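The values are calculated or read from the model by the stated rules, or taken from the named source; none is laboratory data. Values in this document were obtained by computation on a predicted structure and should not be read as measured data. Neighbour counts run over all protein chains shown; Cβ positions are idealised from the backbone, glycine included. Areas reflect the complete protein model, heavy atoms only, side chains present, ligands, DNA and RNA absent. Shrake-Rupley method; radii C 1.70, N 1.55, O 1.52, S 1.80 Å.
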Amino acid sequence: MHIFSDGAKADQDKKAVEDVRAFIKGISGFKKVIIKESERNRGLASSIIEGVTDVMKFSDRVIVLEDDLVVSANFLAYMNQGLEYYADHLKVYSISGYTVPMKVPAGYGYDVYFLPRASSWGWAIWKNRWENIDWQVSDFAEFSKNRENIRQFNEGGSDMFAMLKKQMNREIDSWAIRWCYHQFKTQTYSVFPVSSKVQNIGFTSDATNTHVYNRYRTDLDNGSALHFKFLADVELDPIFLRQFQRFYSKYTRAVSKIKTYIIKARHKANG
């Protein structure tokens with residue numbers, strides 16, 4: 001197990017970073033725990049890119065978790081089986097442990113489905129997918145002029161191109177949107193569980209990249225299953241795709257922003 005601890009962003013964050021580092025030094029239950037502490041604040045994007053690249057120097061696959069995630073008891077079983085099953089399926093880009101709430105069709109006989117967008121909340125990838133990512137997005141100028149390409153990119157969510165544009169304008173610091181853009185360019189899919197193995201608990205008022213209202217809350221798998229049925233045919237299922245696109249539609253995102261605004265206003269009014 002490799003743990004990467006970023007440096008404090010500001011002086012007021014130093015105590016929290018020290019508390020985290022004291023906690024992770026007591027982690028056990030793994031064959032080996034390797035901790036790498038950064039003296040300076042690298043930021044989320046650099047920390048993820050550099051950390052995963054570092055692990056890939058001696059491994060052909062990696063499972064990644066950030067510190068605001070809770071996982072089911074069978075998270076690692078699902079991830080490791082998925083990594084093994086799809087290792088040679090080059091149409092599969094990554095494996096997600098998280099899924100937004102989905103209505104699974106009656107009689108659906110598999111534990112997974114595919115989407116054209118990756119999820120950064122508990123995920124896994126292979127070295128031969130990771131090492132080819134263009135983190136500079138060197139073709140962005142050309143891509144941004146092609147309306148059809150932008151439309152197709154936004155089939156993975158109405159927020160996709162907007163986020164990529166913000167990244168290229170340095171308005172945000174996101175490794176994940178560049179990761180998703182590479183998936184779009186390679187026309188590959190990510191594997192998602194029908195029952196989420198991950199829950200994000202980072203939706204608090206002091207979070208860096210999330211809001212107070214958590215529309216991403218989903219039911220966490222009870223952890224009892226230890227063997228999973230994977231799909232051999234790597235194709236998009238229109239039933240899951242339609243639900244996913246509704247979830248990431250402009251309308252749903254707008255409602256989420258309004259609810260966040262209302263909650264923040266109430267908090268402010270109540271002191």
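The residue list ILE63, ILE125, ILE35 contains one member that is under 16 Å from the mean Cα position of the chain (by Cα) and open to solvent by 20 Å² or more (accessible area, probe 1.4 Å), which is ILE63. For segment 41-60, the set of residues classified as farther than 24 Å from LYS9 by Cα and open to solvent by 60 Å² or more (accessible area, probe 1.4 Å) consists of LYS57, PHE58, ASP60, listed by residue number. Test TYR98 against the stated conditions and say whether it is hydroxyl-bearing (Ser, Thr, Tyr) and closer than 30 Å to LYS57 by Cβ. Taking the combined requirement at face value, the residue satisfies it.
Scanning segment 68-90 for residues that are exposed (fewer than 14 other Cβ atoms within 10 Å of the Cβ) and either small (Gly, Ala, Ser) or in contact with a His (Cβ under 7 Å, 6 or more places away or on another chain) (or both) yields a single hit, ALA87. Mind listing just one residue for me: the one in segment 1-32 that is of a type in the set (A, V, I, L, M) and in contact with a Ser or Thr (Cβ under 9 Å, 6 or more places away or on another chain) and, of those, most open to solvent (accessible area, probe 1.4 Å)? Once the filter is applied, the top-ranked residue is VAL20. Looking only at residues of segment 91-112 that are farther than 20 Å from TRP179 by Cβ and not aliphatic (A, V, I, L, M), we find that the one that is surrounded by the most Cβ atoms within 10 Å (Cβ to Cβ) is ASP111.
Just to be sure before I move on: is LYS145 farther than 17 Å from LEU241 by Cα, out of contact with any helix residue (DSSP H, G or I) (no Cβ under 6 Å at 6 or more places or on another chain) and either modelled with pLDDT of 95 or more or surrounded by fewer than 16 Cβ atoms within 10 Å (Cβ to Cβ) (or both) in the structure I sent? Yes.
Here's a check for you: in segment 1-58, which residue that is in contact with a strand residue (DSSP E or B) (Cβ under 8 Å, 6 or more places away or on another chain) and small (Gly, Ala, Ser) is nearest to SER174 (Cα to Cα)? That would be SER47. Residues of segment 215-228 that are over 16 Å from ILE201 (Cβ atoms) and surrounded by 10 or more Cβ atoms within 10 Å (Cβ to Cβ): ASN222, GLY223, ALA225, LEU226, PHE228.
In segment 177-201, how many are part of a loop (DSSP other than H, G, I, E, B) and modelled with pLDDT of 95 or more? Counting residues in segment 177-201 that are part of a loop (DSSP other than H, G, I, E, B) and modelled with pLDDT of 95 or more gives 5.
For the condition open to solvent by less than 40 Å² (accessible area, probe 1.4 Å) and in a loop (DSSP other than H, G, I, E, B), VAL137 qualifies.
Filter segment 167-205 for residues that are farther than 18 Å from GLU142 by Cβ and free of Cβ contacts under 8 Å to residues at least 40 places away in the same chain; which is surrounded by the most Cβ atoms within 10 Å (Cβ to Cβ)? Among those residues, the one meeting the criterion is PHE203. Suppose the filter is open to solvent by 70 Å² or more (accessible area, probe 1.4 Å), within 15 Å of GLN187 (Cβ to Cβ) and not charged (D, E, K, R); does ASN132 pass it? Considered against the rule, which asks whether it is open to solvent by 70 Å² or more (accessible area, probe 1.4 Å), within 15 Å of GLN187 (Cβ to Cβ) and not charged (D, E, K, R), ASN132 comes out as yes.
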